[in-house]
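The values are calculated or read from the model by the stated rules, or taken from the named source; none is laboratory data. Every value quoted in this text rests on a predicted model; they were computed, and no experiment measured them. Cβ coordinates were reconstructed from backbone atoms using ideal geometry, including for glycine residues, and neighbour counts include every protein chain displayed.
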Amino acid sequence: MILGWAGNGGWPMMGFGYGLGILGLIFMIAVMFLPVIIFVYFIVWLFDNKHRGNNRHHFRSFSDEEHIDILKKRYAKGEITKEQYEDMKKTLKNE
């Protein structure tokens, strides 16, 4: 018997007729990369603040009163002039 050949006269283990062909290759690659994908997903989940209550990805709609309150705070801080305040307030009231 030649070393590496099957005892029944067949092909060697890695030869033709054995294994799953291309499906086996795809499965093998998937099994190899699955732990890496899970690890990367875990790291991203760990450093993502979404699960800690910081909803930076979710935008909420403000009511008109909240818009006016924000505008008043900006005017009080001196970020905008009185003319800008009045113009923005009028714009918000018309919407």
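Assorted remarks:
- Test: residue in segment 59-73 that is hydrophobic (A, V, I, L, M, F, W, C), within 18 Å of the chain's Cα centre (by Cα) and modelled with pLDDT under 70: yes
- Hits in segment 75-95 (condition: exposed (fewer than 10 other Cβ atoms within 10 Å of the Cβ) and in contact with a Phe, Trp or Tyr (Cβ under 9 Å, 6 or more places away or on another chain)): Lys82
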